[in-house]
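Here is the structure we will look at.
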Amino acid sequence: MSAVLLKTQQRSFSVLFAKLATASSVDGNDPLKALKWGLDAYFWEGAHAIWGYEDEHTFDALMTWLFVMNARGWDYRHNSAQRERRRKELWFDDTKALWDAARAGARLLTHLRALPGIAFSDAAEGFARYTAPDGGLWTIDQEYRHYVRASRAVHVNDVLTDLDRHVENAYRDDYLRPLSRTWDDALRGMRTWDIAVPSSSGRIDSFHRLLVAGSHRRTVVIISDALRYEAGVELADKLRSLGRGAVSVNPWYTMLPSITAIGMAALLPQRELTLGVRGKDQVIVEADGQSTSGIDARRTILEDADGRAFTYEELKQDTIKVMRSKFKGTSAVYIYHDVIDATGDHAASESGTPDAVNRAIDELSALVSKLISADITRILVTADHGFLFQDSEPANDDTAKQGGVPRGRSISVKKRRGRPRRRHRPALRRHVPQGQPFQPPRHPTRAHQPDAATADRHDRPRDYVG
């Protein structure tokens, strides 16, 4: 009967709890009012039998208790004896996936409801508001990514339908659209792509000069393609959990247009970047007249600056001893890691972006741990650009009207179409004739998130960039 009142065909306790949590997160009212004829007592019997909850019989009190218990590392399954006992009870179900999804959705919707609005006067204010350590807009992107990943782990047909819809609508209408409009307005007022940022931050074309060149310690730079700021913060948290040094995060901003070819070139040692086009739409970037396309070209540039370059794949199976030998006699090592962009940049796999972020964080933290064991005392983790992700297919008005006519010598437009629940990322790219120094467009047409987060980690001392 409870399932009928909550309009679900599923009758497990976890499903009913998730439906109640959804109702609470959406309208803020007491969801137990939906249970009539004494069925709320049946719900509390399930909460007691499965979770051992014995406090006040209000949904707010239950949610608070669950948050506190979860923060303490509580496992509601407790032990094998209880699990076996619960298998024989009506309410038994593995609630972890549903609880994770309901909690993530409730956190995101609560955050968006409390958001005072998205408005800033210029790019510097927007940069500061997005990257603020406490309550920065990056947390919304992170919460949304967590929700999408958690909701996909729930293999129950109808339980999250309402929450999915509310999360998608709120993320799009209350966050993405106003942020894009405000950021676009801020960029249209800029004549050059220079943002006033704190001294600990900068534009990534000064990355090598400011953070790598002249260092008295061997520096390893890990460039993870499309590791956006919020993912960098999560990586920094995971690195802190290693307990082998201090980690701090500093945001940097990428180049325009924010594409791999330009971002990767900007991170190399260089004084001037030139941008051209080969064929129909292949972007060619040169650093001081040298090609930057591909790992071999980047190796050549780095070797001229007493550096070396490797791909993650070339190092991941190496022992500590082999890794030490590869790094010997050089002042800087660049390691190129490509998981997120390799997944999100193709229509066939882009729906797997949230999982790719988690995989990237796991691989990067393991790589950093190995580097520490190889006696590397300065590690910088950064990115060439960030990414935007939306789980549902955007409406036509999300991409069709950009406001004004883009300016440039030539325009290349790529638009992906596909099934819902994929990331659709139309790209507008400005091409400059071969050999002409690159200048940012006067009228940018896309919002660009901060992507490179720097983290200093000291233990002997050691540094990270996340």
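Computed quantities for the displayed model
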quantity	calculated
Restricting region 178-207 to residues that are part of a loop (DSSP other than H, G, I, E, B) and among the hydrophobic types (A, V, I, L, M, F, W, C), the residue that is nearest to V381 (Cα to Cα)	V197
Unmet criterion (only one of (1) among the hydroxyl-bearing types (S, T, Y); (2) assigned to a helix (DSSP H, G or I); (3) surrounded by fewer than 17 Cβ atoms within 10 Å (Cβ to Cβ); (4) within 23 Å of the chain's Cα centre (by Cα)) for Y175	(3)
When residues of region 187-219 are limited to those that are within 23 Å of the chain's Cα centre (by Cα) and aliphatic (A, V, I, L, M), the one farthest from R298 (Cα to Cα)	L187
Hey, D397 at pLDDT below 95 and within 30 Å of R324 (Cα to Cα) or not	no
Criterion: touching a Pro at 6+ places or on another chain (Cβ under 8 Å), of a type in the set (A, V, I, L, M, F, W, C) and surrounded by 15 or more Cβ atoms within 10 Å (Cβ to Cβ) - qualifying residue of V212, V233, V220	V212
Helices (runs of 4 or more DSSP H) completely within region 78-172 that count 1 or more residues being modelled with pLDDT of 90 or more and open to solvent by less than 20 Å² (accessible area, probe 1.4 Å)	96-114, 123-131, 138-152, 161-171
Top-ranked residue of region 262-292 - restricted to ones that are of a type in the set (S, T, Y) and open to solvent by less than 20 Å² (accessible area, probe 1.4 Å), ranked as farthest from E303 (Cα to Cα)	T274
Matching option when the condition is free of Cβ contacts under 8 Å to residues at least 40 places away in the same chain, part of a loop (DSSP other than H, G, I, E, B) and surrounded by fewer than 20 Cβ atoms within 10 Å (Cβ to Cβ), among G352, G329	G329
Only listed residue being free of Cβ contacts under 8 Å to residues at least 40 places away in the same chain and among the β-branched types (V, I, T), chosen from T292, T260, T274	T292
Within region 179-196, considering residues that are open to solvent by less than 40 Å² (accessible area, probe 1.4 Å) and not acidic (D, E), the one nearest to D375 (Cα to Cα)	I195
Complete set of residues in region 309-323 that are open to solvent by less than 80 Å² (accessible area, probe 1.4 Å) and not β-branched (V, I, T)	A309, F310, Y312, E314, L315, D318, M323
Selection from region 208-240 of residues that are of a type outside the set (A, V, I, L, M) and in a loop (DSSP other than H, G, I, E, B)	G214, S215, H216, R217, R218, D225, R228
Selection from region 237-261 of residues that are in contact with a Ser or Thr (Cβ under 9 Å, 6 or more places away or on another chain) and surrounded by fewer than 24 Cβ atoms within 10 Å (Cβ to Cβ)	K238, S241, L242, R244, S248, V249, N250, A261
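The values are calculated or read from the model by the stated rules, or taken from the named source; none is laboratory data. This structure is a prediction, so every number in the text was calculated from the model and none was measured. Here the Cβ is made from the backbone with ideal geometry for all residues, glycine too, and neighbour counts use every protein chain on show. Protein only, heavy atoms only, side chains kept; ligands, DNA and RNA dropped before computing areas. Shrake-Rupley method; radii C 1.70, N 1.55, O 1.52, S 1.80 Å.
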